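Encoded as structure tokens, the structure appears first; notes follow it.
The values are calculated or read from the model by the stated rules, or taken from the named source; none is laboratory data. Just so it is clear, the model here is predicted, and its values are computed rather than measured. Neighbour counts are summed over all protein chains in view; Cβ atoms, including those assigned to glycine, are modelled from backbone coordinates with ideal geometry.
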Amino acid sequence: MSEPIAFSTALRERSTGAHSGSESAGFMADLIKGDGTREDYIALVAQHWFIYEALEAATERMKADPVASVFISDRLTRLPALEADLEFLLGADWRTQIQPLPTTQRYVERIRAVGATWAGGFVAHHYTRYLGDLSGGLFIGRLMARRFGFETNGIGFYLFDAIADPKAFKDVYREQLDAAPWDDAEKERVIAEVLQAYRFNTELFEDLARAKAGILVA
Ligand code: HEM
């Protein structure tokens with residue numbers, strides 16, 4: 001009998017297509033190619049602030065959950081870095097200058113809903129953001145630093161000072177995914193929620209492109 005495929009492997013394989021969709025969304029692809037502006041980059045940082053405010057508030061609640069708490073680590077926390085980045089990029093009154101785009105509002109509502117009631121759904125959102133930040137995110141941070149002349153101010157979000165070895169961290173995270181006490185039906189629901197999380201990210205890039213073109217206001 002062949003070995004059953006590990007859940008973390010199934011999750012990765014079944015989300016590869018959705019990952020490509022997010023990665024190649026025009027707004028993101030332009031930033032990576034060097035066609036995006038400093039304002040585009042700031043607009044993305046601002047949307048991240050709303051997303052991580054919701055994700056990290058849900059994280060606080062989920063610390064009491066026996067399944068979700070295994071995935072939680074203060075070494076991942078991004079909100080203070082995002083706030084320092086926004087202060088550097090927009091000034092002390094940054095909070096009055098930013099608004100959530102429509103997709104961000106829906107994304108945040110979903111994180112709040114699952115973060116209040118469903119450990120597997122919370123883990124799906126936690127996985128999609130933080131494992132992405134520890135993968136492509138590190139590369140994006142270095143690119144933005146080079147393109148816009150940032151040293152650490154402005155790209156603090158992409159610098160995980162407390163994680164010296166992202167690969168080792170991700171390997172442990174995948175082991176924790178494999179050890180989660182989920183039956184097959186729950187695993188399917190978690191995968192579906194990860195695919196939804198990717199859709200939010202792709203649609204956010206589409207919103208950002210429309211906002212840039214002046215055809216969408218927050
Ligand atoms: C231009 C944008 C992006 C690039 C260049 C990129 C690149 C990568 C690369 C190279 C990996 C593999 C790392 C490894 O093997 O350990 C990866 C993994 C990942 N990325 Fe992205 N990515 C991008 C955008 C995104 C977005 C928007 C999301 C969702 C928010 C995302 C979520 C993930 C996740 C969750 C993983 C881990 C998959 C797993 O191993 O289970 N990425 N990314």
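So the values come out like this:
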| read-out | value |
| --- | --- |
| The stretch 50-79: number of residues that are touching a residue at least 24 places away in the same chain (Cβ under 8 Å), touching a helix residue (DSSP H, G or I) at 6+ places or on another chain (Cβ under 9 Å), closer than 23 Å to residue 162 by Cβ and in a helix (DSSP H, G or I) | 16 |
| Residues that are out of contact with any Ser or Thr (no Cβ under 9 Å at 6 or more places or on another chain) and either on the phi > 0 side of the Ramachandran plot or away from the ligand (no atom under 16 Å from the Cβ) (or both), drawn from the stretch 115-147 | 116, 117, 118 |
| Residues of the stretch 148-167 satisfying the condition of being surrounded by fewer than 20 Cβ atoms within 10 Å (Cβ to Cβ) and within 15 Å of the ligand (Cβ to nearest atom) | 163, 165, 166, 167 |
| Subset of the stretch 173-190 (residues that are more than 11 Å from the ligand (Cβ to nearest atom) and either assigned to a helix (DSSP H, G or I) or at positive phi (or both)) | 175, 176, 178, 179, 184, 185, 186, 187, 188, 189, 190 |
| Failed item in (1) surrounded by 15 or more Cβ atoms within 10 Å (Cβ to Cβ); (2) in contact (Cβ under 8 Å) with a residue 12 or more places away in the chain; (3) over 25 Å from residue 104 (Cα atoms); (4) away from the ligand (no atom under 12 Å from the Cβ), with residue 170 passing the rest | (4) |
| Test: residue in the stretch 86-106 that is polar (S, T, N, Q) and farther than 15 Å from residue 42 by Cβ | yes |
| Residue match in the stretch 93-101 (condition: modelled with pLDDT of 95 or more, assigned to a helix (DSSP H, G or I) and of a type in the set (Asp, Glu)) | no |
| Residue count for the stretch 110-142, restricted to those that are over 16 Å from residue 156 (Cα atoms) and either within 12 Å of the chain's Cα centre (by Cα) or in contact (Cβ under 8 Å) with a residue 24 or more places away in the chain (or both) | 17 |
| Residue check, residue 202 under 20 Å from residue 25 (Cβ atoms), surrounded by 15 or more Cβ atoms within 10 Å (Cβ to Cβ) and of a type in the set (S, T, N, Q) | yes |
| The stretch 173-185: number of residues that are over 19 Å from the mean Cα position of the chain (by Cα) and surrounded by fewer than 16 Cβ atoms within 10 Å (Cβ to Cβ) | 7 |
